[in-house]
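This report concerns only the one structure given below.
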Amino acid sequence: MQSDTSFPQLFWIFGRIGLLSFGGPAAQIGLMHRSLVDEQKWLSEEQFLRALSFCMLLPGPEAMQLATYAGWRLRGIWGGLLGGLLFVLPGAMVIAALALLYAEFGNRPETDVLLQGVKACVVVIVLQALLRLSQKTLTSQASFWLAALSFLLIFAFSLPFPVIIAGAAIYGVLGTKPTDQPAPELPQAHPTRKRILLLWAVLWLLPLPVLFLTGQTLLFDLAAFFAKLAVVTFGGAYAVLAYMAQDVVQHHGWLSTTQMVDALGLAETTPGPLILVTQFVAMLTGHSNGGVAGAMIAGVIALWMTFVPCFLWIFAGAPYVENLLHRPRLNNALSAITAAVVGVILNLSLWFALHVLFGTVTMAEFGLATLPVPDPASFHLETLVLIAFAGLLLGRLKRGVPLTLLCTAALSWGIGQI
């Protein structure tokens, strides 16, 4: 699979991708396509699309895994490591700085004014992602109803995200029609590859026993949560964020609703995968219990538990791409999961928008259902103006995410001075 592409060339191109990868998975995948297929011609159109389909089969952030796969195809495991790390590290450094600044200055009024502009922009970004995914995924009546049921179960009944994903996968498998075409045979795994995969699995899970045996209860809980997140979060970054928003606030109580909304907003301002919000969440949790040192340690643990398995999935499955993509049951399960994820992201969109537009949102029980009820008196009219402004820039005027974030934050600051 290796090419004659040199490591300095890989470093330059993937470093550039990592620094410029704003705007969420769709924009990041588009940037990689332009760089790797159109400009460098390192991958053909068919190879790129197959790689993207493969990454969509995996849990976790598909854009980061696509960068890892591209690096692996060009220069083997070391190329995969370089591609994946360069996609993550620039954003991780920015997130670390933002998390520490937020922990120190997040309660100040002027910070809240600027963040209101950022969050208004993020409402539009998430809605755009939802529309794009809906157009690609909800192509049948069954997929539409699956998305609707998924939304109802998580929004009204707080059904755990992994249960929804498992149910969708089972539905997809059971609905697969028999075929006479056998899947391609799996290539024989080389003993060296087995040892490498075992090493990656051990490295990924090693923090868990170490933290448990040393009595680091909070850090162990964070590591275990992000390890579970890495396994169950199919469907891309926004599905991960939806699951996090539910668990971090409601189940673990590590962050308040306001902090979680701010975390999602600030994660959109950085390059790299949106799943870096895990690092932000961990750092705020660690800071509240151990100051700056606690924040840094918690952030490293979150990065480790989130991204090491991405390398494991790619290095384990990359040699079997053709086989995996020709298995009807696996593809049907993925299609059903992706349809369910549309409903999960709709839940995230609505949850996020309600907490941005209203100062007070309470949970009320209606029989078996529990629904968010906003207080009309706490409605922020200026935020609605900011959302409309961000929609104009990102939609009709087609401006980029960094410029839109800057302009929306500036307008929020100007409104705050009136």
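Structure notes:
- Any hit, the stretch 301-315, residues being assigned to a helix (DSSP H, G or I), more than 16 Å from Gln65 (Cα to Cα), among the aliphatic types (A, V, I, L, M) and open to solvent by less than 40 Å² (accessible area, probe 1.4 Å): yes
- For the stretch 323-348, residues that are open to solvent by 40 Å² or more (accessible area, probe 1.4 Å) and under 23 Å from Leu198 (Cα atoms) total 1.
- Subset of the stretch 111-158 (residues that are open to solvent by 80 Å² or more (accessible area, probe 1.4 Å) and either more than 22 Å from Ala245 (Cα to Cα) or touching a residue at least 12 places away in the same chain (Cβ under 8 Å) (or both)): Arg132, Gln135, Lys136, Thr139, Gln141, Phe144, Trp145, Leu149, Leu152, Phe157
- Residues in the stretch 102-126 that are of a type outside the set (A, V, I, L, M, F, W, C) and in contact with a Gly (Cβ under 6 Å, 6 or more places away or on another chain): Lys119 only.
- Cβ-Cβ distances below 6 Å connect the following pairs, each with a first residue in the stretch 201-220 that is farther than 20 Å from Phe307 by Cβ, a second residue that is part of a helix (DSSP H, G or I) and open to solvent by 40 Å² or more (accessible area, probe 1.4 Å), and a separation of six or more residues or different chains: Phe212/Phe220; Leu218/Asn289.
- Those residues of the stretch 127-156 which are among the hydrophobic types (A, V, I, L, M, F, W, C), within 23 Å of Val231 (Cα to Cα) and at pLDDT below 90, in sequence order: Ala129, Leu130, Leu133, Ile154, Phe155
- For the stretch 11-68, the set of residues classified as acidic (Asp, Glu) and within 15 Å of the chain's Cα centre (by Cα) consists of Glu62 only.
- Boolean, Gln65 is part of a helix (DSSP H, G or I) and surrounded by fewer than 24 Cβ atoms within 10 Å (Cβ to Cβ): no
- Scanning the stretch 229-285 for residues that are surrounded by 24 or more Cβ atoms within 10 Å (Cβ to Cβ), modelled with pLDDT under 80 and in a loop (DSSP other than H, G, I, E, B) yields Thr233, Phe234, Gly235, Gly236.
- Among the candidates Val37, Val94, Val88, residue that is open to solvent by less than 40 Å² (accessible area, probe 1.4 Å), within 24 Å of Val126 (Cα to Cα) and assigned to a helix (DSSP H, G or I): Val88
- Complete set of residues in the stretch 359-418 that are of a type outside the set (Gly, Ala, Ser), without any contact (Cβ under 8 Å) to a residue 40 or more places away in the chain, open to solvent by less than 80 Å² (accessible area, probe 1.4 Å) and closer than 24 Å to Ile154 by Cβ: Thr360, Thr362, Pro372, Val373, Pro374, Asp375
- All told, Arg73 meets the bar of being surrounded by 17 or more Cβ atoms within 10 Å (Cβ to Cβ) and in a helix (DSSP H, G or I).
- Under the condition of being open to solvent by 10 Å² or more (accessible area, probe 1.4 Å), closer than 15 Å to Gln116 by Cα and either touching a helix residue (DSSP H, G or I) at 6+ places or on another chain (Cβ under 9 Å) or not in a helix (DSSP H, G or I) (or both), the residues counted in the stretch 349-358 number 4.
The values are calculated or read from the model by the stated rules, or taken from the named source; none is laboratory data. It should be emphasised that the depicted structure is a prediction, and the values quoted were computed from it without experimental measurement. A quick note on method: Cβ atoms are made from the backbone with ideal geometry, for glycine too, and the neighbour counts reach across all protein chains shown. Side chains included, ligands, DNA and RNA excluded: accessible areas come from the protein's heavy atoms. Shrake-Rupley method; radii C 1.70, N 1.55, O 1.52, S 1.80 Å.
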